Amino acid sequence: MRLWILLKKDLRNLSDALPPALLLGIPLILIIQFANSSSEAQKIEWKTVFWITFFISIVALLYRSFGEEHRSKNFQIYSAFKIPKQIIFISQCISHALSLFIIGFFYLWLSILFFSPSMTDIPSMFALLAVVSVCLAPIGTTLGLALQVEREFLFPLFFLPLCTPVVLAAESLSIEFSRPWLSVLLIFGLVGAFLSALVFEFFFDELSQSL
Amino acid sequence: MNLPNISLKDLKIQLGVFTLGPFSFDFPVGSLSLIRGANGSGKTSLLRCLLGRIRQSAGHINGLPHQIGSVGSEGLLMTSWTVEQNWNFILGLLGKKTEPLPSALSLIRSKRVSHLSLGQRRKAELLSLFSLSLPLYLLDEPFSPLDQSERHFFLNELKALKTKGVTIIMTTHDEDLLTEKPAAILELPRSIQS
């Protein structure tokens, strides 16, 4: 019940961050398409363009983890009503995973419009997008939270290098199925979720007690 | 059923160079208690410690209920949401089914909290929490942004809460406003900088 209430809260708060994330990638797709070589040998694959756009755009969403609560200075409600931190973490992860999928969904269709790829690849791209969204949500949640205290501008500096294995795995898996890259993706997701859950409480307390 | 008092045993709060305590004190349940002290004496820190927002460096706090209503230095409402959305969120967190918004808030129900004045915001916070009859209220200068008539209105609300057996621990610089003597007064010394 509480998880559902928190999830609704997080989705509502993230809805403000969705438009910037959805707009950020459009110029990127346009520039890459404009600058893309006409020679088939040097042409950037549409799937590569999609993943670059996706990873850059989600920064605009993830760095706002708990941004609304931070602005409203109302973290006290969680301690006043004794809401377990694990529920807060799970709710943020689910809402981020859903939001990442929505952003990816949007850019996938935009890529289809711009690059007219073969439609046979699309279902597997959606499946891969779902896995990548779930893998990135916990680490994005905790990193966004950790950098909320006057350090939001550092988010891309930490996040983009950190998620490089996911970028590489996603790009490689979207071109051809490869068991090692799938392992990289799944191990990143599991280790990332475990470590994020481990340090979440510390950063949550740091942010909420800094008010 | 007799509930135990909210009891502080050898409590010490250390925040940087600021130290409060160690001291012991009992807040009687079902009554209004006052925390008194000069600015910077640690009234807000003590309330935040009771709320679980900061950890004590030594000692114990016993008898705290599971749900606490708190109004004061920190906000209660999401500023980008409307008053009604905040109300439904609070109800949901408390596991209560949909209850009607307090009638005094009906005029501002669809206003975003960020568009409310400080006084209206405080009124919305107090009305929302008071209508839920939680077992304990921690109020940190609750009436400071309110006008005179609203202060009297909420003092009557406090009296009504007390008759329901609710415990209220509050700080105020307007002690003269209180129409009845608090059941307990915790006097904090001037801050000790170690």
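Assorted remarks:
- Between the stretch A:1-61 and the stretch B:137-194, the Cα center-to-center distance that results, in Å: 51 Å
- Three-way shape call for the stretch B:37-122 based on the alpha-carbon gyration tensor, with the a/c threshold at 1.5: oblate
- Mean per-residue shielding of peptide B:70-76 is 5, counting Cβ atoms of other chains within 10 Å of each Cβ.
- Comparing B:Ile35, B:Pro135, B:Phe154 along the charge dipole axis of chain B, the residue lying farthest to the positive side is B:Pro135, per the Cβ-charge model.
- Per atom type, chain A shows carbon and sulfur on 72% of its accessible surface, probed at 1.4 Å.
- Accessible area of the stretch B:72-120 belonging to carbon and sulfur atoms, whole % at 1.4 Å probe: 52 percent
- Scalar couplings 3J(HN,Hα) for the stretch A:83-100, obtained by applying the Karplus form with A = 6.51, B = -1.76, C = 1.60 to θ = phi - 60°, are 7, x, 5, 4, 5, 4, 5, 4, 4, 5, 5, 5, 5, 5, 4, 5, 5, 5 Hz; x denotes Gly and Pro.
- Rounded FRET efficiency, nearest 0.05, which uses the C-beta distance separating A:Val191 from A:Thr120 and R0 of 35 Å: 0.60
- Long-range amide H partners of B:Leu186 with built H, under 5 Å: B:Leu34, B:Ile35, B:Arg36
- Chain A, relative contact order in percent, only Cα pairs under 8 angstrom and at least six apart counted: 28 percent
- Of all the options B:Lys96, B:Lys123, B:Lys164, the one that moves most in a Gaussian network model of chain B with Cα springs shorter than 10 angstrom is B:Lys96.
- Kirkwood hydrodynamic radius of chain B, Cα pairs, Å: 17.5 Å
- Euclidean distance of C-alpha centroids, the stretch A:158-181 and the stretch B:63-89, integer Å: 42 Å
- Rounded to the nearest Hz, the phi-derived 3J(HN,Hα) couplings of the stretch B:30-41 under the Karplus curve 6.51 cos²θ - 1.76 cosθ + 1.60 (θ = phi - 60°) are x, 8, 9, 10, 10, 10, 10, x, 6, 4, x, 7, where x marks glycine and proline.
- Mean-square fluctuations from a GNM of chain A, with a 10 angstrom spring cutoff on Cα atoms, peak among A:Val131, A:Val167, A:Val184 at A:Val184.
- Most simply put, chain B has about 45% antiparallel DSSP beta bridges, counting only bridges with both residues inside it.
- Loop-located GluC sites (Glu not before Pro) across the stretch A:40-85 with a Cβ neighbour count of 16 or fewer within 10 Å are A:Glu40, A:Glu45, with loop assigned by DSSP.
- Taken across both chains, chains B and A shield about 2500 Å² of accessible surface from a 1.4 Å probe.
- Cα centre as origin, Lys/Arg/Asp/Glu Cβ charges: the stretch A:14-98 dipole, Debye: 320 debye
- Average partner coverage of B:50-61, which counts Cβ from other chains inside 10 Å: 2
- Highest-fluctuation residue, A:Ser116, A:Ser174, A:Ser65 considered, GNM on chain A with Cα pairs under 10 Å: A:Ser116
The values are calculated or read from the model by the stated rules, or taken from the named source; none is laboratory data. All figures in this text were calculated on a predicted structure; none of them were measured in a lab. Cβ atoms come from the backbone with ideal geometry, glycine included; neighbour counts cover every protein chain shown. For accessibility, only protein heavy atoms count, side chains too; no ligands or nucleic acids. Shrake-Rupley method; radii C 1.70, N 1.55, O 1.52, S 1.80 Å.
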